[in-house]
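Working notes, beginning with the structure itself.
The values are calculated or read from the model by the stated rules, or taken from the named source; none is laboratory data. Here the structure is a predicted model, which means the values were calculated and not measured. For neighbour counting, all protein chains shown are included, and Cβ atoms are generated from backbone atoms with ideal geometry for every residue, glycine included.
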Amino acid sequence: MQPSEIVARKNLRQRAIKDLVVGCLPLAAVTVSTQLFLGLPQTPYSLGSFALYLLLCAVLVITLPNNLPTPGLGLPNRITLFRGILVISVSTVTMTSSVLLERTLWWVIGISSIALILDGVDGRIARRSTTATSYGARFDMELDAFLMLVLSVLIWRNGNIGTWILLIGTARYIFLGAGWLWPALAQELPDSKRRKCICVVQGVVLLVCLGPGIPVAVSTAAASTALVLLTASFGADTWWLLKFNKKGSTHQWDTRH
């Protein structure tokens, strides 16, 4: 690596770290607001939120590419970072709240809905400003997968649906694990509207299942349908990867599950 490239990478990393430090402000605001609204124990919730944020920051810095089209993380990734703060807040509630009161469920639904709505904002801004990167796409995708996992755990804890609901939240990680065991499944996939639509469906269905007053029969039917669609989507991708691998092609594609 040339000295100029080393300096550029160092500057990029420093600017990205500044963005992450600034992110502590909305994190603190969301944390305090959640504590006051839900009456959560201050120390465990605060420590849990900041611990998860530090972990997120570490992953973002470690995986930071050699160059980005904007100074620091850039606006699209900053929006995704804010989404991450919202997801962290919901995740910490999952870890620290032993009883899921109706008020807690509505709060989770509201915060998660904002995170899902912003999911369509960051990508659109990135494309319109020609600042879209594989780094930002992966950040966005893994954040969605983690939110699905958290919501699945909350639904399971709420007791309306059995343990099988966790399959929706763990599907992405099962697929990744299969890729480690079977390298053919670790290849990247072409962009797919079908995959994006099913991702949205999963989020909406999980939020509906969390809704207080939703009949068990309705939530079970909705979750079952969502799981079938998700399984079919992963099945289609698995078939495509195996067929693609047999052809011996080495093309790499954008991925989004």
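See the values below:
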| quantity | calculated |
| --- | --- |
| Residues (of a type in the set (Gly, Ala, Ser) and within 12 Å of the chain's Cα centre (by Cα)) located in region 79-94 | GLY84, SER91 |
| Answer residue from region 116-140, given it is out of contact with any helix residue (DSSP H, G or I) (no Cβ under 9 Å at 6 or more places or on another chain) and closer than 15 Å to ASN67 by Cα and is modelled with the highest pLDDT among those | SER134 |
| Pairs with Cβ under 7 Å, 6+ apart, first in region 56-73 and surrounded by 12 or more Cβ atoms within 10 Å (Cβ to Cβ), second among the charged types (D, E, K, R) and in a helix (DSSP H, G or I) | VAL61/ARG13; LEU64/ARG13; PRO71/ARG15; GLY72/ARG15; GLY72/LYS18; GLY72/ASP19; LEU73/ASP19 |
| Test: residue in region 14-29 that is among the charged types (D, E, K, R), surrounded by fewer than 14 Cβ atoms within 10 Å (Cβ to Cβ) and in a helix (DSSP H, G or I) | yes |
| Residues being in a helix (DSSP H, G or I) and surrounded by 14 or more Cβ atoms within 10 Å (Cβ to Cβ) - total across region 158-169 | 6 |
| Single match in ARG172, ARG124 (criterion: surrounded by 19 or more Cβ atoms within 10 Å (Cβ to Cβ), of a type in the set (D, E, K, R), assigned to a helix (DSSP H, G or I) and within 18 Å of the chain's Cα centre (by Cα)) | ARG172 |
| Which numbered condition LEU154 fails, given (1) assigned to a helix (DSSP H, G or I); (2) surrounded by fewer than 19 Cβ atoms within 10 Å (Cβ to Cβ); (3) of a type outside the set (Val, Ile, Thr) | (2) |
| From the options ALA217, ALA222, residue that is surrounded by fewer than 14 Cβ atoms within 10 Å (Cβ to Cβ) and free of Cβ contacts under 8 Å to residues at least 60 places away in the same chain | ALA217 |
| Close pairs (9 angstrom Cβ cut-off, 6 or more residues apart or separate chains): more than 19 Å from GLY74 (Cβ to Cβ) and of a type outside the set (Ser, Thr, Tyr) in region 1-29, surrounded by fewer than 14 Cβ atoms within 10 Å (Cβ to Cβ) and at pLDDT below 85 anywhere | MET1/ASN66; GLU5/ASN66; GLU5/ASN67 |
| Within region 95-104, tally of residues that are part of a helix (DSSP H, G or I), more than 8 Å from LEU38 (Cβ to Cβ) and more than 19 Å from the chain's Cα centre (by Cα) | 2 |
| Index of the failed condition, LEU206 passing every other in (1) modelled with pLDDT under 95; (2) aliphatic (A, V, I, L, M); (3) touching a Gly at 6+ places or on another chain (Cβ under 9 Å) | (1) |
| Residue in region 179-189 that is without any contact (Cβ under 8 Å) to a residue 60 or more places away in the chain, assigned to a helix (DSSP H, G or I) and buried (at least 16 other Cβ atoms within 10 Å of the Cβ) present | yes |
| One residue from LEU73, LEU54, LEU86 being part of a helix (DSSP H, G or I) and in contact with a helix residue (DSSP H, G or I) (Cβ under 6 Å, 6 or more places away or on another chain) | LEU86 |
